[in-house]
Every structure is written in structure tokens, then in C-alpha cells.
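Take a look at the structure below.
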Amino acid sequence: MEYPVALIFSDDRLVAFNKPPGLSLATSRNKPDDAVSRLTEILSQEDRKVWGVDAQSLWLVHRLDIGTSGLVLVARDAEYHRLLVSAFADRRIEKTYLALVWGSPRPAVGGYAWPLAPDVRDRRRMRVADGGKLASSSYRVLATAPHVSLVELVPHTGRTHQLRVHLAHAGHPVVGDDLYGGPRHRGVRDARLRRHLAPGHTLLHAWRLALPALANQPPLVLAAPLPTDFAAALAELGGRISAVAREAGLVHLESKPDPPPCARRAAAGGSRGATARGDASRRRNQPRVEVGEAVKDVSMVQRRFVPPRGSYRSDLWGTRAGTIGTHREVPMIDAIRQHLGDKVGLLDYTCQGIPKSMLHLPGPDFVDRIFIPSDRPVNVLKALSWMLGTGRLAGSGYLSILPVDQGIEHSAAASFAPNPIYMDGENIIRLAMEGGCNAVASTLGVLGSVARRWAHRIPFIVKLNHNETLTYPLTYDQTMYGTVEQAFNLGAAGIGATIYFGSAESRRQIQEVSEAFQAAHELGMFTVLWCYTRNSAFKKDGVDYHTSADLTGQANHIGVTIEADIIKQKQPECQGGYTAVGFGHTSKLVYEKLAVNNPIEWTRWQVANCYLGRMGMINSGGASGANDLAQAVLTAVVNKRAGGMGLISGRKAFQKPMADGVALLHAIQDVYLCPDVTIA
């Protein structure tokens with residue numbers, strides 16, 4: 001079988017191979033160099049000499065399954081080998097795979113966070129199992145065709161057979177994966193297509209690797225073309241899949257690049273330490289890659305800053321899937337700093353009150369670590385896992401939720417006049433989907449009107465109670481607009497409710513919501529509490545203490561007492577509500593030591609009142625204004641650094657054109673994806 005390019009990259013420290021399917025990289029204790037030898041043998045003797053590739057002086061960095069094709073890295077020296085192995089272990093190298101899978105995964109963008117363990121009945125297999133090792137993967141459906149879909153995959157952990165097992169467990173095994181999916185091609189009637197969908201190996205390809213800067217070497221992005229039979233299957237499928245494959249450059253190279261000067265010198269016996277980075281001669285005779293109908297000269301190897309989960313992305317996955325161009329992405333942290341402006345110092349602030357070591361922080365294992373020991377029913381754990389495994393933040397432990405119930409709370413005119421398309425509930429769902437949200441929260445009516453089309457594609461949170469502004473004179477109370485059973489019947493993953501703590505009606509609301517949360521848990525739905533304070537006496541001497549850290553913190557503490565799984569709270573804007581109003585019980589330690597005068601300290605006090613983070617605390621985005629993007633990023637930075645679980649932003653996103661709303665949601669999510677925004 002002819003494979004496109006066996007050697008993707010070579011310099012004085014690194015060699016990158018395009019492994020063909022069927023080549024085993026297994027080794028034995030007695031013959032540790034066998035894998036490297038087999039890998040180098042895919043090159044001709046002349047190529048090995050020209051590129052200075054000698055199995056005796058190479059160190060294998062990582063492996064692929066025997067049936068998986070794509071990028072494999074080999075180091076030229078022991079020190080660089082150690083650095084690369086460490087970078088893989090620390091998840092600093094971003095891996096992107098392409099797979100042709102059976103069926104069409106839903107939602108189109110999501111993730112899996114299922115633990116894996118060896119299958120005791122078949123030693124060749126892994127299986128999803130409680131008590132197994134945490135495994136997290138994200139996916140994006142690039143295109144669909146009859147029978148199959150082309151999917152882009154990003155593994156966040158490195159378990160054996162992780163992507164294959166996750167896809168099979170979700171009901172979408174990789175084409176050609178007889179171990180986990182069986183010979184499904186037999187059900188394809190078209191004989192020619194059936195042959196392409198029975199390649200004799202898994203159509204899973206290690207497509208791209210993004211390496212960070214290591215040992216004074218600049219960051220590096222590598223991409224490997226598909227093997228012949230994978231590309232032929234995409235071409236045979238035609239339609240959207242074939243078009244996407246052409247646009248992404250998933251075709252064979254027509255020529256090989258010249259060896260870099262360092263390799264030519266090595267082959268000639270010269271110094272291999274001399275580097276060729278930046279040498280203009282590297283650009284001669286670049287491979288030709290078909291892009292759409294035009295043929296363009298591009299470099300299959302380029303150096304640019306793309307740390308894992310670390311660059312500011314203008315669309316869901318950065319540049320268009322598969323594009324190997326010259327566009328330089330702005331590092332995420334630089335974009336975040338620009339949005340923060342004069343508040344950029346918050347990125348370097350260290351908490352003086354409650355240390356982060358006390359907190360239960362969000363993470364890929366949050367459900368296993370926090371909720372399995374709790375009294376929550378199994379189906380609640382499944383619903384929470386689905387939400388945490390959906391959208392751009394899938395597998396991170398963080399949440400980005402779109403809430404649109406303001407048509408009742410603030411009137412439809414006040415909410416939707418800036419962008420009337422959101423009078424139609426389906427556009428609300430589309431904004432959440434395009435925005436890469438984990439879930440969408442709205443009214444019983446909105447979600448019920450589109451439930452059969454969307455409830456299985458993105459987690460629904462039905463907001464059961466609301467205030468309304470048609471009563472005259474205005475009153476402020478929360479009234480139940482629906483039942484837990486109605487939410488369950490329309491396919492909701494969770495329910496939400498509001499309590500106005502501090503109001504005359506709060507005790508009735510506490511009882512109503514507590515009973516609703518119990519019923520929701522019994523039916524397998526998680527619970528989200530809008531934990532707001534409301535009392536005219538909370539405004540004192542021109543200061544609005546409804547958002548003071550001490551009052552909102554106590555509201556959170558009551559909220560988790562009635563078993564809210566997630567607390568939604570306004571971010572603190574001040575401190576000292578108890579002392580200013582002169583009521584209740586507090587301690588001077590809160591103001592002098594535990595929650596001193598800083599928004600991160602105040603927000604951490606809110607998190608602390610949620611059992612030190614055992615129950616996730618998300619902040620609300622607030623009203624739309626003149627500088628929504630910067631304000632949303634600021635709120636997200638404070639929430640994440642304080643130990644919060646995410647953001648729930650509505651009006652800032654839907655009271656503007658959808659494209660702008662999507663960009664704002666992505667900017668929020670980038671804060672949680674950015675490794676440079678740490679816990680204070």
C-alpha cells in the first residue's frame with residue numbers, strides 16, 4: 001500500500017514520522033529499539049541516509065495503536081526525549097485526531113468524561129467502568145454522510161484505546177474498529193462504498209500535534225496527511241464530507257520537501273547541531289496541497305505559538321479545521337490581558353484569606369470526586385456528567401451556561417427588542433449550540449416548544465419559577481410557572497429556581513424550592529439555584545448591599561443546604577452588608593482576614609459558603625452595557641481565580657447579533673481554557 005509522506009519533519013533534535021496503519025510500535029524488554037527500527041524502515045535506505053535517520057541514535061517518544069495512522073515523534077538525543085515525554089505527561093502537547101465514525105454523534109460539539117479500566121473478559125480491550133482511571137475527550141463533527149461522520153477529536157488524557165472506547169461507548173465506533181465496533185460495513189448496500197468502509201484497520205488518524213517551546217526551541221505545529229485508503233473513503237462518500245476534506249487539505253502530498261540543511265550536513269558527516277530554523281532554503285520546493293479547487297504552496301510544518309488550550313481562538317477550534325496556513329493566533333492570555341485593561345493586576349493577585357488548598361476545585365473528575373460520595377441518585381450523576389461533557393469546556397470541570405428567562409423577569413420587550421430573533425426559542429438554542437455552551441436554561445414554554453428537536457443535543461435546564469412585571473403596582477416574588485414533572489417529561493437534564501433571600505416571601509420560597517429540588521433529584525435531574533438577595537433595606541447610604549460578599553455568601557450557604565447542586569450568584573461588588581444594615585450575625589474575621597477588600601477575595605467567600613467548593617458556584621454575567629466583552633472577561637477571570645465553576649451569561653450574549661453573542665461566549669470560555677489564568 002502506498003502512503004503519502006513517511007517523514008513529516010526533521011531537525012537536529014526531533015524527527016516526526018507519518019506512521020502507516022498496521023505498523024506495530026510495541027517493544028519488548030529484550031529488544032527496546034525494535035519499534036524505532038520498524039518506524040525507520042518505512043523510509044527508503046536513501047531517505048534514511050539523506051535525513052540522517054539512524055535507529056540506533058533515536059528515542060521513541062510515544063506510541064500509536066497498531067491500526068492508527070499518523071504523527072509519531074522520535075527524539076535525536078536523550079535530553080530532548082526526556083523533555084518531550086514530560087510535556088506529553090503534563091498535557092502540554094495538544095493532540096488532534098481525525099476519525100471516520102459510524103452514525104452521527106450528538107450534539108455536534110461535545111465531549112466524553114468516562115473512566116476506563118481493562119476488560120477482564122478480553123485482555124485486548126478496555127471498557128468504561130466505575131472506579132477506572134479518569135479519561136476525558138472532546139469532539140467536533142466536521143461533516144456527515146449516510147452511515148458515517150468525519151469527526152475531529154482532542155484527547156485530554158492518554159489512556160489506552162481512549163478515543164476508540166469513548167466513541168464505541170457513545171454508540172459511534174470508529175470505522176474499521178472490529179475490536180470495539182464489529183463489522184458494521186456489512187449493512188452498507190452500495191458495494192463500492194462498503195469496500196471503502198472495510199479498510200482492514202481503524203480509520204483513526206493522529207493528525208496534528210502542537211508542541212510548546214522546549215529547550216530554547218520555538219513552538220511547533222505538525223500535521224500529517226491521511227493514508228491513501230482513509231482519503232479514498234472520504235472521496236467516495238462525496239457530498240459534504242468530501243468538500244470538507246478538500247477544504248481542509250486532507251489529501252496526499254505530490255512531492256516531498258527538501259531535507260533541511262542540518263540533515264544534509266548530518267548525512268555528509270558535518271555537525272548536526274547547526275540548526276536550519278528560519279533558513280530561507282527550507283521554503284524551496286514546498287509540497288503542493290490541494291485546497292478546494294486551487295493548488296497552493298504551503299508549508300506542512302510551521303512554527304507558531306499554539307500551546308495546548310492556550311491561544312485565543314476566533315472560532316470553535318481556532319483556525320478552520322485542517323487549515324495549515326500562515327495566520328498567527330493571538331495567545332489567549334494576551335487577549336485576556338487586553339480585555340482587562342487597568343484591572344490586569346487581578347491575574348497576579350494572591351489570595352490572603354482562604355487559601356486555595358482548602359477548596360474543592362473544578363476538574364475533569366469533579367462528578368467522581370464530589371458527587372459519588374453524596375446522596376445524589378445515579379441518574380443525577382449522569383445528568384451532571386452530560387452537562388460537564390458538553391460544549392467547548394467539555395472535560396474541564398467548568399461551565400458556560402446560556403440563561404434566557406428574562407422575557408418573564410424583565411418583559412419580552414425589554415429583553416428582546418435589541419434582537420427580536422430571540423423571541424423564537426429555537427434561536428436561543430442555536431446561540432447556545434454555536435456558542436459552545438454546556439447547557440441552556442430557559443422557561444418551560446421556550447424549552448417545551450423545541451424539546452423534540454433539541455433536548456437530546458444539549459442539556460436543558462428548565463427554570464421553574466419567575467418574577468413578573470405586569471402586576472401593578474410592581475411586586476417582587478417568585479411564582480412557580482411549571483412542575484418538576486413537566487420539566488422531566490420534556491427531557492430536561494436539570495431544573496432551576498430563584499429564591500429572594502432577605503425578602504418577606506423568602507421562607508415560603510425556600511420551602512417550595514426545597515421540595516422541587518427533592519423531586520428533581522428523585523427523577524434524575526440536577527438542580528441550579530439562582531441565589532439572590534432582595535430587600536429595600538439592603539440599600540444603605542447610597543450603597544447597594546444586595547451584592548455584598550457577606551450577604552450573598554450567606555445566601556449561598558442556605559442554597560446548598562437545600563441541596564442545590566450548582567449555585568448561581570451575582571459577583572460581589574462590595575462588602576459589609578451585615579454591618580451597614582445592622583442586622584443578623586457575622587464575625588469581624590470575615591472583614592479583617594477572610595474576605596478583605598478585593599473582588600477575588602469576596603468571590604472566594606461566596607465559593608467558601610458553598611461547602612468550600614463542593615457545590616459549584618457560577619457567577620451571573622449581568623445586564624448588557626457599553627463594554628460587554630471586557631466586562632464578561634473580567635467577571636470570568638475573577639470567578640476562575642476565586643475557585644468558581646464558571647459563568648452564566650444571558651443578556652450580554654443575546655441582546656446583540658448572534659455572531660457577536662457567540663464571540664462573547666467564546667471569550668468567556670477562553671478564560672477557563674487558558675492555563676495562564678490560575679487559581680489565586
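Note on the chain: antiparallel DSSP beta bridges, both residues inside, total approximately 60 percent of the bridges counted.
Counting only protein heavy atoms and a 1.4 Å probe, the range 461-579 has 41 square angstrom of accessible area per residue. Note on Ala413 and Arg240: their simple-model spin labels are 4.1 nm apart, each label 7 Å out from Cα toward Cβ. Are there DSSP H segments in the chain that both extend 20 Å or more along their axis (alpha-carbon positions) and score a mean Kyte-Doolittle hydropathy of at least -1.0? List them, or say none. Membrane-span-like by this criterion, though nothing is claimed about a membrane: 628-642, 658-673. In this simple spin-label approximation, Glu592 and Arg189 carry label points 7 Å from Cα along the Cα→Cβ vector, and these lie 8.2 nm apart. Residues whose amide H lies under 5 Å from that of Lys570, counting only those 5 or more places away or on a different chain, are Ser620; hydrogens are built 1.01 Å from N in the peptide plane. On a straight-distance basis, which lysines could pair with Lys463 in a cross-link, Cα separation under 26 angstrom, same-chain partners fewer than 8 positions away excluded? Partners found: Lys382, Lys568, Lys570, Lys640, Lys652, Lys656. Amide H contacts of Ala129: Leu116, Ala117, each under 5 Å away and 5 or more positions distant or on a separate chain (H built 1.01 Å from N in the peptide plane; Pro and chain starts excluded).
FRET efficiency for the Leu470 to Glu79 pair, using the beta carbon distance and R₀ = 60 Å, is estimated at 0.25. Entry comment: accessible area of the range 97-206 is 43 Å² per residue, from protein heavy atoms only and a probe of 1.4 Å.
Across the range 538-617, C-alpha contacts under 8 Å between residues 6 or more apart give a mean separation that, scaled by the residue count, equals a relative contact order of 37 percent.
From helices alone, the chain scores -8000 deg cm²/dmol at 222 nm; the rule is -39500 (n - 2.57) for each run of n ≥ 4 DSSP H residues, then divide by the residue total.
For the chain, relative contact order (Cα pairs under 8 Å, six or more residues apart, normalised by length) works out to 11 percent. A Förster radius of 30 Å combined with the Cβ-Cβ distance from Ala663 to Asn216 puts the calculated FRET efficiency at roughly 0.25.
For the pair Ser44 and Glu573, label points projected 7 Å from Cα toward Cβ lie 7.2 nm apart. If you compute Cα extents along the principal axes in Å for the structure shown, which of [x] 87, 57, 50; [y] 105, 73, 61; [z] 92, 57, 50 do you land on? Only one option fits the structure, namely [x].
Can you give the FRET efficiency for Gln338 and Ile66, using 1/(1 + (r/R0)^6), R0 = 41 Å, r = Cβ-Cβ distance, to the nearest 0.05? About 0.30, to the nearest 0.05.
In terms of packing, defined here as the mean over residues of other Cβ atoms within 10 angstrom, the peptides 618-624, 121-127, 598-604 line up highest first as 598-604, 618-624, 121-127. Across the range 457-501, the residues whose backbone nitrogen lies under 13 Å from the label position 7 Å along the beta-carbon direction of Glu522 are 484-485.
Here the chain exposes an accessible surface that is 51 percent carbon and sulfur, computed with a 1.4 Å probe and the other protein chains kept in place.
Sorting 204-213, 235-244, 369-378 by average packing, meaning the other beta carbons within 10 Å per residue, from highest down gives 204-213, 235-244, 369-378.
The values are calculated or read from the model by the stated rules, or taken from the named source; none is laboratory data. In this text the structure is predicted, and so the values were computed from the model without any measurement. Neighbour counts run over all protein chains shown; Cβ positions are idealised from the backbone, glycine included. To get the accessible areas, we keep the full protein, side chains included, count just its heavy atoms, and leave off ligands, DNA and RNA. Shrake-Rupley method; radii C 1.70, N 1.55, O 1.52, S 1.80 Å.
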